[in-house]
Amino acid sequence: MSERENIIKRSREMMCSGRLYNPIFWEYYNSDGVYSDSFECSKIMNDYQVECRKEMYLYNSLPHDEEGDRQRSELLKAIFGEFEGFRKIEAPFYANYGGKHTKLKGIFFANFNLTLIEDGEIEIGDKTMVGPNVVISTAEHPKSSAIRALGQGILYNKKVTIGNNVWIGSGAQIFAGATIGDNCIIGAGSIITKNTVIPPNKIATGVVSKKIVHQLKDIKDE
């Protein structure tokens, strides 16, 4: 492994660890906000992010015709890995690492303007559908103003996990640490707050937090 590859690997491990860090200067902090570690990797990580986004930008720029659709299909494989089943993301979609930190586990469809804030990890199960203008974010900023004052953009990340056969309505927002169980429906415009775990087979609408999960209704076939 080259030094560049090692720096990227170490930095990704830190990004996914839940520790506070500054993504502009790639400085890392203890939980009390005291600077503790630094990789001299700002340029390498910034270049890595630009590299990750190249295929996404090309994907979004292609024409909506037969040839454009063929090229987008190939780009989806390059971004998310080889897969024989159906996958489609209506362009444009946006991801701050070009989709490289998002794992699609099977068949997937997303409508226009999907936004992935994937500083941490996003995992999406098989046969999941996503409406237009949905935001899925792993990033969270500290509540402490003293810690935020240490550096612009200080954050930490928590993995977002979405199960199989989930339907996410248009305009929904899903935040850091959320888990959505199999077969759930997330209503249009809903907000799934950080660290909320929604059990399988539930309908979630409005602002959903850990405090009200027990109130969610089961899905009834119509």
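The values are calculated or read from the model by the stated rules, or taken from the named source; none is laboratory data. No experiment lies behind these values; they were computed from the predicted model shown. Every residue, glycine as well, gets a Cβ built from its backbone with ideal geometry; the counts of neighbours run over all protein chains shown.
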Quiz item: From the list Gly120, Gly153, Gly177, which one is in a loop (DSSP other than H, G, I, E, B), farther than 24 Å from Glu84 by Cβ, touching a Lys or Arg at 6+ places or on another chain (Cβ under 7 Å) and touching a residue at least 60 places away in the same chain (Cβ under 8 Å)?
Solution: Gly120
Quiz item: Any idea how many residues of segment 1-32 are in a helix (DSSP H, G or I), in contact with a Phe, Trp or Tyr (Cβ under 7 Å, 6 or more places away or on another chain) and of a type in the set (Lys, Arg)?
Solution: 1
Quiz item: In segment 56-64, is there at least one residue being surrounded by 16 or more Cβ atoms within 10 Å (Cβ to Cβ), touching a Phe, Trp or Tyr at 6+ places or on another chain (Cβ under 8 Å) and assigned to a helix (DSSP H, G or I)?
Solution: yes
Quiz item: Looking at segment 134-163, which of the residues that are of a type in the set (Ser, Thr, Tyr) and either closer than 14 Å to Leu116 by Cα or touching a helix residue (DSSP H, G or I) at 6+ places or on another chain (Cβ under 6 Å) (or both) is surrounded by the fewest Cβ atoms within 10 Å (Cβ to Cβ)?
Solution: Thr161
Exercise. Among what's in segment 123-142 and is hydroxyl-bearing (Ser, Thr, Tyr) and not in a loop (DSSP other than H, G, I, E, B), pick the residue that is nearest to Gln173 (Cα to Cα).
Key: Ser137
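Quickly run through segment 81-103 and pick out the residues that are part of a strand (DSSP E or B) and under 24 Å from Met45 (Cβ atoms).
Matches in segment 81-103: Phe93, Tyr94, Ala95, Thr102, Lys103.
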Quiz prompt | Count - residues of segment 156-174 that are assigned to a strand (DSSP E or B) and either within 16 Å of Thr102 (Cβ to Cβ) or not hydrophobic (A, V, I, L, M, F, W, C) (or both) | solution = 8
Quiz item: Consider Ala78 against the criteria (1) of a type outside the set (S, T, N, Q); (2) in a loop (DSSP other than H, G, I, E, B); (3) surrounded by fewer than 19 Cβ atoms within 10 Å (Cβ to Cβ); (4) touching a helix residue (DSSP H, G or I) at 6+ places or on another chain (Cβ under 8 Å): it satisfies all of them except one. Which criterion is unmet?
Solution: (2)
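For segment 8-47, how many residues are modelled with pLDDT under 75, among the small types (Gly, Ala, Ser) and in contact with a helix residue (DSSP H, G or I) (Cβ under 8 Å, 6 or more places away or on another chain)? Steps first, please.
Step one: filter segment 8-47 for residues modelled with pLDDT under 75, giving 28-40.
The next check asks that each one be among the small types (Gly, Ala, Ser); those that pass are 31, 33, 36, 38.
Narrowing the set further to residues that are in contact with a helix residue (DSSP H, G or I) (Cβ under 8 Å, 6 or more places away or on another chain) leaves 33.
Residues meeting the conditions: 1.
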